[in-house]
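The numbers here are math on the coordinates, done by the rules we state, and not lab data. Treat the numbers as computed from the prediction; the structure is a model and nothing was measured. Virtual Cβ from ideal backbone geometry, glycine too; neighbours counted across all protein chains shown.
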Amino acid sequence: MELVVFSLLNGIVFGLLLFMMSAGLTLIFSMMGVLNFAHASFYMLGAYFAFQISQAVGFWPALVLAPLVVGVAGGLVERYGLRRVHKHGHVPELLFTFGLAFLIQEFVVLGWGRVGVPYRVPEILNFPLFTLFGTNFPAYRAFMVLISIGMFVALFAILTRTRVGLIVQASLTHPHIAATLGHNVPRVFMYVFAGGTALAGLAGVIGGNAFVTNPSMAALLGTIVFVVVIVGGLGSLTGAFIAAMVIGIVQTFSVALDVSVGSFFGLLGLDLSSNSIFYEYWTLTLTDIAPVTPYLLLVLILIFRPMGLMGKRET
């Protein structure tokens, strides 16, 4: 029971972190049709900027300032980079963001080195929120859940209940009409790109100290974020939320459960010898295949529902 409860809690925390990253990428794709390969790099920048700012003024100012700095950097990238290659089609855009990811990584290495930085959980939140079955659940992880859920509610409300959201949706679906009504559509695109990267930066602020802050953190989560977006349905914020939660929980349980098909055979009274056909595969545990479970889910989604969980079929 302890394993189930804490695996579920940790899976929810990890899933919400994935959603915070994928939400920005979903917004950017919805508006611009670009899968930003450098999106996870902005997550990394958020963690490093938060570390640097917290060293000077503390964690709470960093929680606000670091995403803003990342958002400004994202806006500049769109204005002076993506906008210039946009007219040449999607392939140059993808190549641009792919190269940008390497540039950001080298920028981080030059600034902070190749070894991870000691970005710590703030002392005020560094205590167990509750103890269950003799195991502590950190208060900071509950704080991560609150920030993630608050971001989802705020983002959904802005896009569906405010004039800003209506302008964004109009610029997405009918850019020429929106421009005719006097809205600066390229500026809207820039703000959306900046907002998407700021969300990734916020994920870095609250996730960097809970997990790890080093130059490889973008590569570790970057591909999983793309899996979340594709499984959820390209351009669907709700789909990204559902996919992130499913992947977070499934991967956490996969790490925690050290069982294999061979052990199931053992319960049935069937003993597998080393000479059995495919013996190596029957003895693989869920822990062994945990890193590839998101990609297995991606393959299944692409086979049975190519548009994703909440995506719309093109007509």
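Which order do peptides 199-210, 63-74 fall in by mean Cβ count within 10 Å, highest first?
In decreasing order of mean packing, 199-210, 63-74 become 199-210, 63-74.
Could you work out how far apart the two model spin labels at Thr223 and Ile124 are, taking each label as a point 7 Å from the Cα in the direction of the beta carbon, and quote it in nm?
4.0
Can you give the angle from 0 to 90° between the axis of helix 217-232 and the longest principal axis of the chain, with both taken from C-alpha atoms, to the nearest 10?
The two axes meet at around 90 degrees.
With +1 on the Cβ of every Lys and Arg and -1 on the Cβ of every Asp and Glu, and nothing else charged, how large is the dipole of region 2-257 about its Cα centre, in debye rounded to the nearest 20?
Around 520 debye, computed over region 2-257.
Mind checking the angle between helix 90-112 and the chain's longest principal axis? C-alpha axes, 0 to 90 degrees, to the nearest 10.
70
How high is the FRET efficiency from Val292 to Phe156, r the C-beta distance, R0 25 Å, rounded to 0.05?
Taking R0 as 25 Å, the efficiency between Val292 and Phe156 is 0.20.
Against the longest alpha carbon principal axis of the chain, how many degrees, from 0 to 90 and to the nearest 10, is the axis of helix 139-161 turned?
Value to nearest ten degrees: 40.
Go through 220-230, 146-156 and give me the packing order, highest mean Cβ count within 10 Å leading.
220-230, 146-156
Highest mean first, how do 21-29, 79-87 rank when packing is the count of other Cβ atoms within 10 Å averaged over residues?
The peptides rank, most packed first, as 21-29, 79-87.
Mind checking the full-extension length gain between Thr135 and Leu3? Use 0.36 nm per residue of separation minus the Cα-Cα distance, one decimal, nm.
In short, 46.5 nm is gained.
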